[in-house]
Protein chains: 2
Amino acid sequence: MLIKRFAQNPLITPADVPPSRSDYEVVGAFNAGATIHQGKVLLLLRVAERPKDISSDEQVAPIFDPQTSTIELFRVKNTDPDVEIIDSRSFFYKGRMYLTSISHLRLARSDDGCNFTIDPTPAVFPQTKYETFGIEDPRITKIGELYYITYKVVSGHGIATALLTTTDFKAFERKGIIFCPENIDVAILPEKINGKFYALTRPVPTHIGPRAIWIASSSDAINWGDHQVLIAPKPDTFTAGKVGASCVPIKTPDGWLEIYHASDDNDRYSLAACLLDANDPSKVIADARQPLAQSEADYETQGFYSNVVFSCGAVQRGEAITIYYGAADQCTAAANTTIKKILSTMA
Amino acid sequence: MLIKRFAQNPLITPADVPPSRSDYEVVGAFNAGATIHQGKVLLLLRVAERPKDISSDEQVAPIFDPQTSTIELFRVKNTDPDVEIIDSRSFFYKGRMYLTSISHLRLARSDDGCNFTIDPTPAVFPQTKYETFGIEDPRITKIGELYYITYKVVSGHGIATALLTTTDFKAFERKGIIFCPENIDVAILPEKINGKFYALTRPVPTHIGPRAIWIASSSDAINWGDHQVLIAPKPDTFTAGKVGASCVPIKTPDGWLEIYHASDDNDRYSLAACLLDANDPSKVIADARQPLAQSEADYETQGFYSNVVFSCGAVQRGEAITIYYGAADQCTAAANTTIKKILSTMA
């Protein structure tokens, strides 16, 4: 067995997370960045919430207003001819996409990596005009004493990736947008290599090009260049739809081990893995020939958006790897594996 | 009259440009970067070419092969059910976009800014795996003794912007992709401001966000960050469709003058202008309330792709500005105007 799901899965459900305000309900607690901080496993959850009083005949988009620092509601009737309902996550109004929930980032801590205590209030809440539709899918990279947190910012301006830094997970410093629209699923490597930071990125091309994993480099983690394509979807396989970085790469004797996500032509998600050259991570040494994991358990195949297993972080203890992952865009689950098992999925 | 078209327009037509090989024909000589070099007006033309022997019942995409350094032809019959013909510029095969021509960059020089001598051979030809569908739409920025040339790279990996540098327009150094897919219409400001380079960029968002002009900054012109939105399309106006940088910004006493392009909901192109703060070009001081120019002349309203006026460069002599522009994706034309007239289009 390549991975062993925790018997306690799902570890965190929406019901476990208090909403940021009493008239809202949490609909997702998922896609958490993961790290070790002060001896504890720390998850930075994406918490998606929405107003409680939504009737079934309308679409409601909660939108943060940076001027007033409050969430305003954009409501339209399902019968409005300008409304097009896509799925549980989004709808179109007059050709523009809106999200049915708004996400913030929330901390959860655990001594054993399984039982988590969830903070009662958000750690990072939308603030800027680029975050009005929410902030999502953080990845945490520790370099020296500083934690670099990449996160997806969503607004009417587009979907991009911004950077936070922190030393204590109390004060977070915003470093602006590091990859402009449309770019998501960014994971910064946990060491500088020959003086450079490296990041895996996932551009979303409009006219030409697949949804592939790219790599960029930087001297300061804020300004990025030398973009190169790394891993592209493979037609007629479980990665045919798209691929994107999931976890922060893990250093191994063989190179950088990256657990990434893929979806097939039916939008079924998998976790997969590849190995990048230790001294030049723009070189792929080995890539997935089979999935590391696919949606299978009930909490993965059914949820807010079904058939998704999507990781933003893993924790390493020697050979042992615990992958934390979002299940069906709703809950947080975990699975154990080993570096050796992950390597066995590659060719 | 806001602009005065040259009586000699179009200044350069495809017939004026020898193809890079005898079995090809030039179909476009347009979207030229412009600068002054050694006392002459220098244009770096985008030259689009394709094989001569294309029959009317097929679609042919010329594709550069970096392994063999030759152009291979991808041919499909119009009747093939997997073929979808979009317009003169591109077609889809099995859902993937291909271009009907391949572009390189070619130098043209002039003493008077009107009569140009065109180099017999390409200045910069596709070379890397990111350039297999061609290289396009250069913008030339001189800072100190170095010319920075941004250019669009097109391949099956996507449409992105890369950087060339040169001191003499003989040897060009490739600096890699500076803005990953999908990002086009990049113009670097001609001075460092408070130690930073600035560039206007045009992300092409897939899911959310308009085709707007963004700005980024850099310490080295290679690694870019702090992306911010600058100017967005305005609904129900001549910029409703999209906006993007055209010329390299021009320094004026009032701030940075940017001549940009816009298209309306019917894809009719305009030139427009805005003014950016001298010390912080991420601040818009004034923006177009009317077009500076729209497709009007025959060579603009009819051509390879009609109703396009698209500039990649202008030349300044004191108050006088000569805008070089691509007309109908086919020819190069020019028009004179003044800083004062351009400012009069703004509010």
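The table below gives the values:
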item	result
Summed side-chain charge close to B:TYR147 - residues other than B:TYR147 whose Cβ falls under 11 Å, Lys, Arg +1, Asp, Glu -1	-1
Overall form of chain A per C-alpha gyration tensor (a/c, 1.5; a/b vs b/c)	rounded
Max mean-square fluctuation residue, GNM over chain A, Cα-Cα springs under 10 Å, options A:PRO66, A:PRO51, A:PRO253	A:PRO253
Computed helical MRE - 222 nm, chain B, DSSP H runs ≥ 4 contributing -39500 (n - 2.57), nearest 500	-500 deg cm²/dmol
Listed pairs B:LYS40/B:LYS170; B:LYS142/B:LYS283; B:LYS4/B:LYS340; A:LYS283/B:LYS129; A:LYS142/A:LYS251 exceeding 21 Å between Cα atoms	B:LYS142/B:LYS283
Sparsely packed GluC sites (Glu not before Pro) within the range A:117-186, loop by DSSP, other Cβ within 10 Å at most 16	A:GLU145
Normalised contact order of chain B, rounded percent, pairs of Cα under 8 Å and 6 or more residues apart	16
Rounded percent of accessible protein surface that carbon and sulfur make up, the protein assembly as shown, 1.4 Å probe	47
Charge context of A:THR79, other residues only, Cβ under 14 angstrom, K/R +1, D/E -1	-3
Per-copy distances of the A:THR79 label point, shortest first, in nm (7 angstrom along Cα→Cβ)	5.0
Threshold 40 Å², the range B:65-110 residues less accessible with all protein chains present than alone (1.4 Å probe)	B:MET97
Label point 7 Å beyond Cα along the C-beta direction, distances from A:LYS340 to other copies (nm, shortest first)	8.2
Label 7 Å beyond Cα on the Cβ vector: B:TYR93 copy-to-copy distances, nm	4.4
Where trypsin sites (Lys or Arg not before Pro) fall in DSSP loop in the range B:68-104, at most 13 other Cβ within 10 Å	B:LYS94
FRET efficiency for A:LEU343 and A:ASP112, using Cβ-Cβ distance with R0 set to 22 Å, rounded to 0.05	0.25
Square roots of five times the Cα gyration tensor eigenvalues for the range B:136-203, Å	20, 15, 8
Delta accessible area of at least 40 Å² on complex formation, residues of the range A:154-195, 1.4 Å probe, chain isolated as reference	A:HIS157, A:ILE177, A:CYS180, A:PRO181, A:GLU182
Simple spin-label estimate for A:ILE86 and B:SER69 in nanometres, 7 Å along Cα-Cβ	4.5
Accessible area buried, both sides summed, chains B and A with 1.4 Å probe, Å²	3200
Cα centroid separation - the range B:55-84 against the range A:219-265, whole Å	30
Whole-number accessible area per residue in Å² for the range A:278-347, which is evaluated in the context of all protein chains at 1.4 Å	39
Most fluctuating residue given options B:ARG109, B:ARG46, B:ARG139, as computed from a GNM of chain B linking Cα atoms under 10 Å	B:ARG109
Buried on assembly, the range A:199-232 (at least 50 Å² less accessible surface than by itself, 1.4 Å probe)	A:THR206, A:HIS207, A:ILE208, A:TRP214, A:ASN223, A:HIS227, A:VAL229
Heavy-atom surface of the range A:1-48, accessible at 1.4 Å and reported per residue (Å²)	41
Per residue Cα convex hull volume in Å³ - calculated over the range A:60-183	136
Lys, Arg +1 and Asp, Glu -1 on Cβ, resulting dipole of chain A about Cα centre, debye, nearest 20	660
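The values are calculated or read from the model by the stated rules, or taken from the named source; none is laboratory data. What you are looking at is a predicted structure, and each value in this text was computed from that prediction instead of being measured. When we count neighbours, we look across all protein chains shown, and the Cβ atoms used for this are built from the backbone with ideal geometry, even at glycine. In case anyone asks, the SASA skips ligands and DNA or RNA and just uses the protein heavy atoms, side chains included. Shrake-Rupley method; radii C 1.70, N 1.55, O 1.52, S 1.80 Å.
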